[in-house]
């Protein structure tokens with residue numbers, strides 16, 4: 001399957017799980033779920049990603065006013081720049097990937113707000129952490145999830161691919177410590193072993209643009225182009 005087709009399949013599965021598809025597209029997705037094993041796998045992967053948020057929320061509903069503010073914030077987020085050369089297909093895919101990430105961030109915000117309001121839930125040990133990496137608060141470029149119980153980090157690229165002669169490299173940045181490489185992010189998504197623990201409350205994840213294959217010195221070649229604070233999803 002081509003990368004573009006795989007992106008579309010993953011985006012459709014994410015919207016199906018989040019419940020954001022229009023009625024006619026949802027019926028088509030349900031039919032595809034019954035007939036397409038690849039689509040079923042993609043749906044299952046999204047259900048696994050989102051289940052910790054659903055578990056943390058318990059039975060506590062989110063106030064209607066808070067939900068409206070969250071949805072309004074998503075709708076008024078900065079628009080994605082136009083694609084040069086009239087590449088409408090690429091723009092449509094970029095918008096769909098951005099919508100999926102925005103919906104995921106909105107769901108996380110709603111869950112965390114519900115936990116704060118109720119104040120009576122007993123959170124399990126903090127094993128899940130998430131960071132939304134942006135360029136100065138613009139639209140999400142990468143979403144990273146850390147599972148300390150499994151010792152893994154999963155990274156999803158929402159931004160465009162790096163130039164052909166460059167690579168995106170992921171770094172952990174702790175206060176008063178040198179940046180530590182977490183590996184090169186060449187694919188749209190990847191899951192790998194985590195070489196550093198997110199212990200502490202001020203760990204930042206950052207992406208730099210490096211020579212092909214990663215930094216030759218073991219240190220960032222320049223300032224980060226995307227960054228975000230790693231926070232516990234169960235707080």
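Read-outs throughout are calculated quantities, based only on the coordinates presented, and are distinct from any laboratory measurement. Just so we're clear, the structure is a prediction, and the values are computed from it rather than from any experiment. Because the Cβ atoms are built from the backbone with ideal geometry, glycine has one as well, and the counts that use them run over all protein chains shown.
Assorted remarks:
- Simple spin-label estimate for residue 178 and residue 138 gives 3.0 nm between the two label positions (7 Å along the Cα-to-Cβ direction from each Cα).
- Each of 172, 215 was scored by other Cβ atoms within 10 Å of its Cβ. Arranged with the fewest first, they read 215, 172.
- Modelled spin labels at residue 219 and residue 193, positioned 7 Å past Cα toward Cβ, are 2.7 nm from each other.
- Computed from label points 7 Å out along Cα-Cβ, the spacing between residue 212 and residue 27 is 4.9 nm.
- Subtracting the Cα-Cα distance of residue 161 and residue 18 from 0.36 nm times their residue separation leaves 49.0 nm of extension gain.
- Derived from the Cα gyration tensor, the three semi-axes of the equivalent ellipsoid of the range 128-232 are 19, 15, 14 Å, largest first.
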